[in-house]
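The numbers here are math on the coordinates, done by the rules we state, and not lab data. Keep in mind that this is a model prediction, so the values were computed, not measured. Note that each Cβ is placed from the backbone with ideal geometry, even for glycine, and that neighbours are counted across all protein chains shown.
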Amino acid sequence: MSAPSLHDWLMSERPSSRRQAALGRAYAGWLTFVHNRLALLGLGIVVALIVIALLAPWIVPYSPYEGDLLTTRLLPPSAAHWLGTDDQGRDILSRIVQGSRITLFVVTLVAVLAAPIGLLVGTVAGYAGGWLGALLMRVTDIFLAFPKLILALAFVAALGPGIENAVIAIAITSWPPYARMARAETLAIAQADYIAAVRLVGASPARIVLRHIMPLCLPSVIVRVTLDMAGIILTAAGLGFLGLGAQPPMPEWGAMIANGRQYVLDQWWVAAAPGAAIFLVSLAFNLLGDGLRDALDPKAVS
């Protein structure tokens, strides 16, 4: 099939199958996405982060865990050490590259844990209503009443410091916004004629929620998760900065900034390099989220 005919098939206003309709929606969303150059830039940075994280053990120029206190301590950026070295003589670029694995690990696990919980709670609350919906939303409101970082600090303090406990704490504090958004969409979707038709043919409430309502709420949740990635990264970095996240000698970006704060005036690169990495990746996720919002959310206004 030639490219023009494939385009016409995907963009057909009268698809002949559910597969054609789904592919057509995905293709239309991609066309909208690629016209946003900032979103493409964000996608490129995120893809680069993934590639770097996957290949980190093989591309780091020096050991991210060991340095030479006698010859390489607090060296400024140079041809040998592009981002300089820290107070232990370790190459900062190598530590940032290795630390990208921790950042990717955190954002991936938080998204995998928090988004499904929020989506399930929100859709059940919106469709069930009554005392069950009220109970679920009051629990959601309790979590939303506390600042995310403060609540994460409380959970990490209870669970103990460590990257795994930090991921659990961030996930516990991240699901309520997804639940509120999913509930709002479910209240509108549940009144649609096709939901009434599905109910009339005997579909159970669980089937209606899982098979018909959740898929319609999923695009908005994906957009919100992408936009929240920057906040997740900053929360993880904040926990690491306070010593409650990844523990030394792991090259977590927030912990690297905490280690370099005492040298910020004279050896500025020790804290500036991981700070720039956090800024760049957070910006990339925000740009990507804006592009996905335009491509996936038909109600979004540019």
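Using the Cα coordinates of the chain, the gyration tensor eigenvalues translate into equivalent-ellipsoid semi-axes of 42, 26, 13 Å, sorted from longest to shortest. For the pair Val112 and Leu70, a Förster radius of 51 Å applied to the C-beta separation gives a FRET efficiency near 0.70, rounded to the nearest 0.05. Name the residues of the range 205-241 whose amide N is less than 20 Å from a point 7 angstrom out from the Cα of Ala157 along the C-beta direction? Only 235-241 pass the distance filter. In terms of the mean number of neighbouring beta-carbon atoms within 10 Å, the peptides 263-271, 122-130 order highest first as 122-130, 263-271. A simple spin-label model places the labels of Tyr27 and Leu218 2.0 nm from each other, with each point 7 Å out along Cα-to-Cβ. Ellipsoid fit via the Cα gyration tensor, the range 165-294: semi-axes of 43, 15, 9 Å, each the root of five times an eigenvalue, largest first.
Here Arg138 and Gln262 are evaluated by their C-beta separation; at R0 = 45 Å the FRET efficiency comes out at 0.50.
Normalising by residue count, the range 84-161 has a Cα convex hull of 123 Å³ per residue.
Kirkwood radius and radius of gyration were both taken over the C-alpha atoms of the range 37-179, and their ratio Rg/Rh is 1.14.
Comparing Arg14, Arg138, Arg183 in a Gaussian network model of the chain (Cα springs below 10 Å), the most mobile by mean-square fluctuation is Arg14. With viscosity 0.890 mPa s and temperature 25 °C, the Kirkwood radius over alpha carbon pairs of the range 87-245 converts through Stokes-Einstein to a diffusion coefficient of 143 µm²/s.
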